[in-house]
Every structure is written in C-alpha cells, then in structure tokens.
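Worksheet for the structure shown next.
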Amino acid sequence: MTYVCLLCDAKEKIPYAVVREFDRMDEGDPSVPPMFSCEKCGAQMYPEYYKGIHGIEYRLSDMK
Ligand SMILES: [Zn+2]
C-alpha cells in the first residue's frame, strides 16, 4: 500500500498486512484510517486508497 505524507508528499510503501494489523488494534475513531508518521517531516501519512475493516473506504483525494 502506498501512503502519502499530507505535508511534504513523501511516499512510503507499507505492507497491507501491517496496515491491517494497525487497523485491527486501533479502537479509535473509525472515520480515520490507520496512519503513520512521515520519516522526513513527522507529519501524518494518509493511504492513497484503503478499505478498512469496518468497510469504510479512505481515499487520499478526499483529504486534498
Ligand atoms: Zn512528510
């Protein structure tokens, strides 16, 4: 899966299984997907596209 930094547009590949695991453990707000910190600037990274375990679809284009 490709994650993109919301601040500097850096891209990072994160294995789907890792994202899934984060999603499964996260009991927080279901309106946000599992997010990771950008290695370059520390801002949050958003998935280009991800369908979460609750069936919610997240798209980077919704954030821009
Ligand atoms: Zn960044």
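The values are calculated or read from the model by the stated rules, or taken from the named source; none is laboratory data. On a predicted model such as this, the values are computed, not experimentally measured, just so you know. All Cβ positions, glycine included, derive from the backbone under ideal geometry; neighbour counts span all protein chains shown. These area figures cover heavy atoms from the full protein model, side chains too; ligands, DNA and RNA do not enter into them. Shrake-Rupley method; radii C 1.70, N 1.55, O 1.52, S 1.80 Å.
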Practice prompt. Have a look at M25, M45, M35 and tell me which one the Gaussian network model of the chain (Cα, springs below 10 Å) gives the largest fluctuation.
Written response: M25
Practice prompt. Normalise the Debye intensity by I(0) for the chain, one equal point scatterer per Cα, no solvent, then take log10 at q = 0.16, 0.20, 0.29 Å⁻¹ and round to two decimals.
Written response: -0.46, -0.73, -1.40
Worksheet, complete the sentence: Amide H proximity to F36 below 5 Å, modelled H, separation 5+ or other chain, gives M45
Item to complete: Find me the longest stretch of the chain that has none of the exposed GluC sites (Glu not before Pro), where exposed means in a DSSP loop (not H, G, I, E or B) with at most 15 other Cβ atoms within 10 Å.
Response: 1-26
Worksheet entry | Dipole magnitude of the chain, debye to nearest 20 (Cβ charges: Lys/Arg +1, Asp/Glu -1, about Cα centre) | 220
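Over the range 2-62, with the other protein chains present, what is the accessible area per residue in square angstrom, probe 1.4 angstrom? Let's see the in-between values first.
Numbers: 3940 Å² over 61 residues.
The answer is 65 Å² per residue.
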Fill in: Relative contact order of the chain, defined on C-alpha pairs under 8 angstrom at six or more residues apart (%)
34
Item to complete: Using only Cα atoms, tell me the angle between helix 16-25 and the longest principal axis of the chain; keep it within 0 to 90° and round to the nearest 10.
Response: 60
Practice prompt. Using DSSP, restrict attention to beta bridges with both residues in the chain and report what percent are antiparallel, rounded to the nearest 5.
Written response: 100
Worksheet item: Near the amide H of Y49, under 5 Å away, which other amide H atoms are found, from residues 5 or more places off or on another chain, if H is placed in the peptide plane?
Response: T2, L60
